[in-house]
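One structure below.
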Amino acid sequence: MPVNHLGYRPWKAKLTSALTRWWCISASGISLAQKSALVKRMLFAAWLPVLYWGVGFFFVGQAMEGKVDLLPPSLQNQINSVANKMSSEDRDRLRAAKSGPNRIAVAALLKQQFKRIPQVNQLADNLLEGDESSSRNRVWCWLMMSFFRYPQGLMILFLVGAITPSLISRDIRSRAFLLYFSRPISKTEYILGKFFIPATFIALVTTLPAIGLYLFGVLMSPDLSVVTSTWDVPLRIIVGTVVLTVPTVSVALMFSSLTQESRFASFSWFAFFAIGHAAWLAVVFGYAFRNGRAMPFDMSLMEEPSVKLWGLLSLFNNIGEVQGWVFGFSPFSDAWPGMLVLLLITVFSLVVIYRQISSPMRV
Amino acid sequence: MQPLISLRSLVKNYRDHRALDGVDLDVMPGITGLLGPNGAGKSSLIKAILGLVSITSGTGTVLGHRLAVDGKKIRNDIGYMPEDDCYIPGMTGVEVVHFAASLSGLPKVEGMRRSHEILDFCDMKQERYRAIETYSTGMRQKVKFAAAIVHDPKFLILDEPTSGLDPEEREALLQRISVLCVEAGKSALLSTHILPDVQSVCDQVVILSNGQVRLNNSLAELNRIQVPTVEISVDRVTGGFMKRLEERSLEVSTLDNGNIEVTGESLETLTSELWRVADASSTMILALKPAMNSLESIFMKTVIEANTPSPEAADAR
């Protein structure tokens, strides 16, 4: 008999709020997921780009504050040489603009290095023409958007693929759904609880470092008045996280609910992501080759209507389009088709999940 | 006494299949055994009570809450132990119970304390810290039982709780159920195929067949034989003893266990006749007790009757 055997004793105390009970599901799922060595490694890898972006924040901040001397000599030389090579059109705009020489140099550098990326051109124009506070806002938004889009957007593919596929399939296989649904938990709360397991990990590798970068940027600024010109950046970060999280997690959970085998759900998730994106890239490159714009690849052709339409096939591209609008680099008219596709994918996924988790209850 | 569960004309259809066909049922406080052959509708009835499946028609109340409307309130007051294994791989036994406690609203720290207390009650020792997928069937049953009672529910629904247990563990689990219901004032619905389990702990018996309640009565009442009958065991059965009993117009039959069942007009005259015959034939009566209807015979009779078409139906065919 156990040492502390007290027999059966009635229990009476204040229960936790029914509104937050779904979080138990999330908390236990997070606790289980973080035991995985693979997930731990992914989290570590997902934080590495923060260092790179942190350096970017530092250099851009220093350059904009006129402290080019603090930059490494090689970068100073590059900025000066690019500024000297500016086009006559940009030189004219430079004369007309109120921009300081260092911001102009940064703009020139951006135009030189990333001239085929439309959003960077837009950013560089803003640096040339805008005032200092609006320029800082644009630069930070661009850094955040690129952080969300490239390293983290791809990392999410793997992180969601590692965590989510087992979440519902495992419950169906082990019949653990009876453990949930014989409690005062609704199907909606179950889905919400499951949803926030990968969502928490996504927030850990996107929202948290992005907010950290923002705070780093504020601290690197001459005074705290930069907060007044960049107050919207944290909000954009949060909305950007939502745009990244909701469709990806919904789709991955849907695949998880369709099978008892987590590996099939994993495969479906990667296939869904890869096939859609590969189909779009095939269209883009086919168009580029046909029009002789493949070598060097002209990214601006992605904005052409006949190509852009095919981008709706790619989850990654749709998320990017909507994030472009969220961070203020695309008009709503460019973002709404992608937004609609993401919305449809999300709603469809949630309906399938709801049906699937109801079906084991049918004897 | 108010019934804890009261169901009226409950119907549950799964597409073309009718799982529950107008169930009218009152479950009184105490332990109720839910019996029925496979496919009788026991699982559907339990799921309907818990609000896990939507009912097609009918009304009812469960612990004062409206059926199919107050599902969460019902599940808050009920502890359910499913027949199937249901666990989350990767969790230890104590984590599963703690998780169940959290889902029922126990605060984190208190939930863990309570989980340990309940696992102690269930006689789970250090194995509670092992991953649950490494457990034997008996250990998993204990964890499921602990998870069902950790939030101190008013009513327990236990689906095949002793399935897969060895005799010692089975006895211990039935003992725990009795403790909960007799000492802690809880009530339980025990769905099982093991009739001796029902015989040993239940107060009331419900037999379902073809989605309908065929029998609902107290076990004591069901066990009582309508005509006066006693069961005796004697040191040796002699031809003279049996012949003398038959000469006195008593119905005599020998049971499988070697005992003799004797039926007479009244219990008093029957007993005195038996002693007289034993004396006359030099037979020693070792035990004498009123005979009971066995649950097995009640069950078989009820199920066979339920599956026998009525004369009207036979005529129509």
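The values are calculated or read from the model by the stated rules, or taken from the named source; none is laboratory data. Source: prediction; values computed, not measured. All Cβ positions, glycine included, derive from the backbone under ideal geometry; neighbour counts span all protein chains shown.
Looking only at residues in the range A:12-26 that are more than 8 Å from chain B (Cβ to nearest Cβ) and in contact (Cβ under 8 Å) with a residue 24 or more places away in the chain, which one is nearest to the chain's Cα centre (by Cα)?
Checked the range A:12-26; the qualifying residue nearest to the chain's Cα centre (by Cα) is A:SER26.
Does B:LEU222 satisfy being within 30 Å of B:ASP279 (Cβ to Cβ) and in contact with a helix residue (DSSP H, G or I) (Cβ under 8 Å, 6 or more places away or on another chain)? Step through it out loud before you land on a result.
Values: within 30 Å of B:ASP279 (Cβ to Cβ): no; in contact with a helix residue (DSSP H, G or I) (Cβ under 8 Å, 6 or more places away or on another chain): yes.
So B:LEU222 does not fit the description; no.
Of (1) over 23 Å from B:ASN210 (Cβ atoms); (2) within 12 Å of chain A (Cβ to nearest Cβ), B:VAL69 satisfies all except one. Which?
Of (1) over 23 Å from B:ASN210 (Cβ atoms); (2) within 12 Å of chain A (Cβ to nearest Cβ), only one is false for B:VAL69: (2).
Can you tell me which residue among B:GLU265, B:GLU296 is modelled with pLDDT under 85 and assigned to a loop (DSSP other than H, G, I, E, B)?
On the way: B:GLU296 fails: assigned to a loop (DSSP other than H, G, I, E, B).
None of the other options fit; the residue is B:GLU265.
Suppose we filter A:ARG173, A:ARG183, A:ARG149 for residues that are modelled with pLDDT under 90 and over 23 Å from A:ARG263 (Cα atoms); which single one remains?
One residue alone meets the criteria, A:ARG149.
Filter the range B:72-90 down to residues that are more than 7 Å from chain A (Cβ to nearest Cβ) and outside any helix (DSSP H, G or I) and give me whichever is surrounded by the fewest Cβ atoms within 10 Å (Cβ to Cβ).
Going through the qualifying residues, I end up with B:GLU83.
Can you tell me which residue within the range B:113-128, out of those that are of a type outside the set (Lys, Arg) and not in a helix (DSSP H, G or I), is farthest from the other protein chains (Cβ to nearest Cβ)?
First pass over the range B:113-128, keeping only residues of a type outside the set (Lys, Arg): B:115-124, B:126-127.
Now narrow it down to the ones that are not in a helix (DSSP H, G or I): B:122-124.
Working: B:CYS122: 9, B:ASP123: 7, B:MET124: 8 Å.
This residue is B:CYS122.
Being under 13 Å from B:VAL206 (Cβ atoms) and not in a strand (DSSP E or B) narrows it down to one of B:LEU52, B:LEU25, B:LEU45, B:LEU34, so name that one.
Details: B:LEU52 fails: under 13 Å from B:VAL206 (Cβ atoms); B:LEU25 fails: not in a strand (DSSP E or B); B:LEU34 fails: not in a strand (DSSP E or B).
One residue alone meets the criteria, B:LEU45.
Checking B:GLY58 against (1) more than 9 Å from chain A (Cβ to nearest Cβ); (2) out of contact with any Lys or Arg (no Cβ under 8 Å at 6 or more places or on another chain); (3) within 30 Å of B:HIS17 (Cα to Cα); (4) surrounded by fewer than 19 Cβ atoms within 10 Å (Cβ to Cβ): exactly one of these is not met. Which one?
(2)
For A:VAL243, indicate whether it is closer than 30 Å to A:GLY54 by Cα and touching a Pro at 6+ places or on another chain (Cβ under 6 Å).
On the way: closer than 30 Å to A:GLY54 by Cα: yes; touching a Pro at 6+ places or on another chain (Cβ under 6 Å): no.
So A:VAL243 fails the test.
Output the residues belonging to the range B:1-22 that are assigned to a loop (DSSP other than H, G, I, E, B) and farther than 18 Å from B:HIS65 by Cβ.
Within the range B:1-22, the subset assigned to a loop (DSSP other than H, G, I, E, B) is B:1-4, B:15-16.
B:MET1, B:ARG15, B:ASP16 - these are the residues of the range B:1-22 that are assigned to a loop (DSSP other than H, G, I, E, B) and farther than 18 Å from B:HIS65 by Cβ.
Out of the residues in the range A:196-224 that are surrounded by fewer than 23 Cβ atoms within 10 Å (Cβ to Cβ) and of a type in the set (Phe, Trp, Tyr), which is farthest from A:PHE348 (Cα to Cα)?
Within the range A:196-224, the match that is farthest from A:PHE348 (Cα to Cα) is A:PHE216.
For the range B:231-240, name all the residues that are hydrophobic (A, V, I, L, M, F, W, C) and modelled with pLDDT under 85.
Filtering the range B:231-240 down to residues hydrophobic (A, V, I, L, M, F, W, C) leaves B:232, B:234, B:237.
Residue satisfying the conditions is B:VAL237 alone.
Restricting attention to helices (runs of 4 or more DSSP H) lying wholly within the range A:151-190, give those where 3 or more residues are in contact (Cβ under 8 Å) with a residue 24 or more places away in the chain and over 25 Å from A:PRO209 (Cα atoms).
On the way: elements: A:153-163, A:165-173, A:177-181.
Counting at least 3 such residues, we get A:165-173, A:177-181.
To keep it simple, each residue is scored yes or no on (1) within 18 Å of A:ILE156 (Cα to Cα); (2) in contact with a helix residue (DSSP H, G or I) (Cβ under 8 Å, 6 or more places away or on another chain).
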{"position": "A:GLY276", "(1), (2)": "yes, yes"}
{"position": "A:PHE285", "(1), (2)": "no, no"}
{"position": "A:ASN291", "(1), (2)": "no, yes"}
{"position": "A:ALA294", "(1), (2)": "no, yes"}
{"position": "A:LYS308", "(1), (2)": "no, yes"}
{"position": "A:GLY311", "(1), (2)": "no, yes"}
{"position": "A:ASN317", "(1), (2)": "yes, yes"}
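Among the numbered conditions (1) surrounded by fewer than 21 Cβ atoms within 10 Å (Cβ to Cβ); (2) farther than 24 Å from A:LEU192 by Cβ; (3) touching a Leu at 6+ places or on another chain (Cβ under 7 Å); (4) not hydrophobic (A, V, I, L, M, F, W, C), tell me where B:SER44 comes up short.
Result: B:SER44 fails condition (1) only.
Quick check on B:VAL96: is it within 30 Å of B:ASP21 (Cβ to Cβ), buried (at least 22 other Cβ atoms within 10 Å of the Cβ), modelled with pLDDT of 90 or more and of a type outside the set (Gly, Ala, Ser)? Steps first, answer last, please.
Details: within 30 Å of B:ASP21 (Cβ to Cβ): no; buried (at least 22 other Cβ atoms within 10 Å of the Cβ): yes; modelled with pLDDT of 90 or more: yes; of a type outside the set (Gly, Ala, Ser): yes.
Here the answer is no, as B:VAL96 does not meet what is asked.
For A:SER166, indicate whether it is within 30 Å of the chain's Cα centre (by Cα), over 30 Å from B:PRO153 (Cα atoms) and at the interface with chain B (Cβ under 10 Å from one of its Cβ atoms). It would help to see each step written out before you state the result.
Details: within 30 Å of the chain's Cα centre (by Cα): yes; over 30 Å from B:PRO153 (Cα atoms): yes; at the interface with chain B (Cβ under 10 Å from one of its Cβ atoms): yes.
Yes: the conditions hold for A:SER166.
Which residue out of B:SER233, B:SER266 is among the hydroxyl-bearing types (Ser, Thr, Tyr) and free of Cβ contacts under 8 Å to residues at least 40 places away in the same chain?
Details: B:SER233 fails: free of Cβ contacts under 8 Å to residues at least 40 places away in the same chain.
It is B:SER266.
Given (1) surrounded by fewer than 23 Cβ atoms within 10 Å (Cβ to Cβ); (2) away from chain B (no Cβ under 14 Å), identify the lone condition not met by A:ARG173.
All conditions pass for A:ARG173, except number (2).
When you scan the range A:35-58, do you find a residue that is within 12 Å of chain B (Cβ to nearest Cβ), surrounded by fewer than 17 Cβ atoms within 10 Å (Cβ to Cβ) and not β-branched (Val, Ile, Thr), even just one? Full working, then the answer.
Step one: filter the range A:35-58 for residues within 12 Å of chain B (Cβ to nearest Cβ), giving A:35-36.
Still in the running and surrounded by fewer than 17 Cβ atoms within 10 Å (Cβ to Cβ): A:35-36.
Pick out the ones that are also not β-branched (Val, Ile, Thr) and you get A:35-36.
So far as the range A:35-58 goes, yes, one or more of its residues are within 12 Å of chain B (Cβ to nearest Cβ), surrounded by fewer than 17 Cβ atoms within 10 Å (Cβ to Cβ) and not β-branched (Val, Ile, Thr).
Report yes if some residue within the range B:164-173 is closer than 25 Å to B:SER104 by Cα and not small (Gly, Ala, Ser); otherwise report no. Full working, then the answer.
Taking the range B:164-173 first, the residues closer than 25 Å to B:SER104 by Cα are B:173.
With the extra rule that they be not small (Gly, Ala, Ser), the set shrinks to B:173.
Looking for residues that are closer than 25 Å to B:SER104 by Cα and not small (Gly, Ala, Ser), one finds at least one in the range B:164-173, hence yes.
Quick test of your reading of the structure: B:GLU110 fulfils all but one of (1) surrounded by fewer than 24 Cβ atoms within 10 Å (Cβ to Cβ); (2) more than 7 Å from chain A (Cβ to nearest Cβ); (3) over 27 Å from A:SER262 (Cα atoms). Name the failing condition by number.
(2)
Just one of (1) within 15 Å of A:PHE273 (Cβ to Cβ); (2) at pLDDT 90 or above trips up A:LEU340, so point out which.
Of (1) within 15 Å of A:PHE273 (Cβ to Cβ); (2) at pLDDT 90 or above, only one is false for A:LEU340: (1).
Out of B:GLY105, B:GLY64, B:GLY30, which single residue is surrounded by fewer than 18 Cβ atoms within 10 Å (Cβ to Cβ) and at positive phi? Spell out the reasoning first.
Numbers: B:GLY105 fails: surrounded by fewer than 18 Cβ atoms within 10 Å (Cβ to Cβ); B:GLY30 fails: surrounded by fewer than 18 Cβ atoms within 10 Å (Cβ to Cβ).
Just one listed residue meets the conditions, B:GLY64.
Return only the number of the condition from (1) more than 9 Å from chain A (Cβ to nearest Cβ); (2) more than 26 Å from A:GLY29 (Cβ to Cβ); (3) among the small types (Gly, Ala, Ser) that B:ALA131 does not satisfy.
(2)
Limited to the range B:151-169, what total is found for residues that are closer than 20 Å to B:PRO3 by Cβ and either touching a Ser or Thr at 6+ places or on another chain (Cβ under 6 Å) or more than 11 Å from every other protein chain (Cβ to nearest Cβ) (or both)? Quick ask: steps written out before the conclusion?
Going residue by residue through the range B:151-169, those that are closer than 20 Å to B:PRO3 by Cβ are B:153-158.
Adding the requirement that they be either touching a Ser or Thr at 6+ places or on another chain (Cβ under 6 Å) or more than 11 Å from every other protein chain (Cβ to nearest Cβ) (or both) leaves B:155-156, B:158.
Residues meeting the conditions: 3.
Those residues that are away from chain A (no Cβ under 14 Å) and either surrounded by fewer than 18 Cβ atoms within 10 Å (Cβ to Cβ) or closer than 30 Å to A:LYS12 by Cβ (or both), I need them from the range B:170-184; list them, please.
The initial filter retains those residues of the range B:170-184 that are away from chain A (no Cβ under 14 Å), namely B:170-171, B:174.
Matches in the range B:170-184: B:GLU171, B:LEU174.
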